[in-house]
1. Kindly evaluate Ala336 against the criterion of being open to solvent by 10 Å² or more (accessible area, probe 1.4 Å) and over 28 Å from Ala84 (Cα atoms).
2. With a cut-off of at least 1 residues that are of a type in the set (Gly, Ala, Ser) and under 22 Å from the mean Cα position of the chain (by Cα), name the helices (runs of 4 or more DSSP H) lying wholly within the stretch 33-109.
3. Look at the stretch 166-206 and say how many of its residues are polar (S, T, N, Q) and within 13 Å of the ligand (Cβ to nearest atom).
4. Hey, could you check the stretch 339-353 for residues that are among the aliphatic types (A, V, I, L, M) and assigned to a helix (DSSP H, G or I) and say which is least open to solvent (accessible area, probe 1.4 Å)?
5. Within the stretch 339-368, which residues are in contact with a strand residue (DSSP E or B) (Cβ under 8 Å, 6 or more places away or on another chain), farther than 17 Å from Cys264 by Cβ and touching a residue at least 24 places away in the same chain (Cβ under 8 Å)?
6. Any residue at all in the stretch 250-262 that's of a type in the set (D, E, K, R), touching a residue at least 40 places away in the same chain (Cβ under 8 Å) and open to solvent by 10 Å² or more (accessible area, probe 1.4 Å)?
7. For the stretch 374-420, how many residues are open to solvent by 30 Å² or more (accessible area, probe 1.4 Å) and touching a Ser or Thr at 6+ places or on another chain (Cβ under 6 Å)?
8. Suppose the filter is surrounded by fewer than 22 Cβ atoms within 10 Å (Cβ to Cβ) and modelled with pLDDT under 95; does Arg176 pass it?
Amino acid sequence: MLTVDVSKATPFLSASYEDERALSEAADWLQNGGGKGDDFIGWVHLPENYDRDEFARIERAAKRIQGDSEALVVIGIGGSYLGARGVIECLGSPNYNLKKKDTPNVYFVGNGLSSAATREIYDLVKDADFSVNVISKSGTTTEPAVAFRFFKALLEEKYGKDGAAKRIYATTDRARGALKSLADAEGYETFVVPDDVGGRYSVLTAVGLLPIAVAGVDIRALMAGAAETMARCRGKGFDNPAWQYAAVRGALYRAGKKVELLACFEPSFRFMAEWWKQLYGESEGKDGRGIFPASVDFTADLHSMGQYIQQGERMLMETVVRFDPDDDQMVVPHDARDGDGLNFLAGKTLHEINTQAMDGTLLAHVEGGVPNLIVRAGKRDARGLGALIYFFEYACGLSGYLLGVNPFDQPGVEAYKKNMFALLGKPGYEARGAELRAKLGR
Ligand code: PA5
């Protein structure tokens with residue numbers, strides 16, 4: 001069961017962090033609406049209230065893709081890909097595509113505009129049987145729309161228009177947007193991003209579930225884990241792990257800890273941390289406020305970022321996600337000559353050694369002035385990850401409300417898009433284009 005340990009963080013606080021009134025109000029807003037952005041709280045009850053028919057369609061589509069494709073190309077950006085990638089890598093490994101398995105490779109494109117990155121995946125799948133899952137809630141985002149052009153054309157070249165249409169799965173708005181119109185016109189199977197669920201809170205909808213299921217992860221267990229945490233998070237009081245986490249990180253922020261490092265001693269967690277960064281960064285970073293979310297992979301980054309964490313500017317707090325040991329542990333072998341002097345470790349599992357590294361790092365960083373919060377996430381399996389996802393989402397909603405912002409909008413994301421469209425000559429942006437070119441001296 002997921003727990004939060006704040007004992008290595010609260011000594012950094014001079015006043016009590018337990019503002020019951022503020023948390024209770026934030027919890028009411030999440031549960032019943034009434035707070036900022038409350039038309040986007042559909043994710044709060046999702047693990048219980050999800051569309052069972054669509055879920056069954058997701059499972060059927062995943063089976064079909066597993067049966068007819070060697071690869072699935074997932075096209076999406078931000079909330080439309082990070083969760084799926086996080087779960088697949090955390091449970092299936094960052095080397096998932098290299099592993100021997102009976103599920104398709106999963107490639108992520110359309111999360112940038114790099115020609116090299118797009119071509120690489122294009123070349124990897126062009127001689128294979130593949131399907132595409134194009135994901136965009138708005139249906140108008142440039143990066144995935146551009147990538148989709150390439151992979152749609154490739155599929156049509158390989159399988160003809162009708163054959164391609166059977167291999168394209170579109171996850172988008174129920175009724176609006178260019179992707180929805182295109183999907184209807186071309187006859188793609190579509191899945192819905194519910195109106196009241198924003199991109200970064202959508203991993204437990206078809207957005208995340210279809211690619212995750214294709215990779216062979218048990219999405220029923222993922223939802224069950226989320227439902228378990230949902231039941232715990234809806235309760236009021238400081239035995240609720242989301243209350244603990246939101247309250248302590250908020251108090252640390254007010255005490256000057258402006259940057260939160262999410263750390264994990266499992267490298268497979270890297271993309272879960274990327275998902276977490278988007279979740280918290282887009283939810284809190286507005287109105288001139290918000291903790292800056294960053295992440296580190298330990299122990300690797302102790303050899304690159306460790307110096308700063310230990311002795312740099314004291315603006316950091318650290319949240320460490322710990323998992324229970326995996327069953328299949330490697331054991332350090334005995335060496336007769338002991339040339340490296342490591343026989344004192346012989347017979348120990350890597351988890352035992354990693355645990356001492358975790359505890360040693362914890363104490364060092366706390367002594368160095370970095371408050372540590374520990375999230376014990378249980379087993380690194382689908383159920384455990386579902387629980388962790390919901391916990392972070394719920395705590396994020398609470399944190400945004402405690403901060404006084406709307407945790408469900410992202411107005412700042414538009415600024416670069418408007419400039420890009422203007423510079424690319426999109427019709428309607430002519431005046432802005434001229435202004436920007438003058439600023440660039442063109
Ligand atoms: O959280 C969000 O809403 C955003 O990060 C979106 O997920 C991202 O911009 C992609 O948008 P869309 O799914 O509309 O293409």
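1. yes
2. So the answer is 52-68, 82-92.
3. 4
4. So the residue we want is Leu345.
5. Once the filter is applied, which keeps residues that are in contact with a strand residue (DSSP E or B) (Cβ under 8 Å, 6 or more places away or on another chain), farther than 17 Å from Cys264 by Cβ and touching a residue at least 24 places away in the same chain (Cβ under 8 Å), the stretch 339-368 yields Thr349, Val366.
6. yes
7. 1
8. The answer is yes for Arg176.
The values are calculated or read from the model by the stated rules, or taken from the named source; none is laboratory data. Predicted model only: the values in this text are computed from it and were never measured. All Cβ positions, even for glycine, are placed from backbone atoms using ideal geometry, and neighbour counts span all protein chains on display. All accessible areas refer to the heavy atoms of the entire protein, side chains included, with ligands and DNA or RNA removed. Shrake-Rupley method; radii C 1.70, N 1.55, O 1.52, S 1.80 Å.
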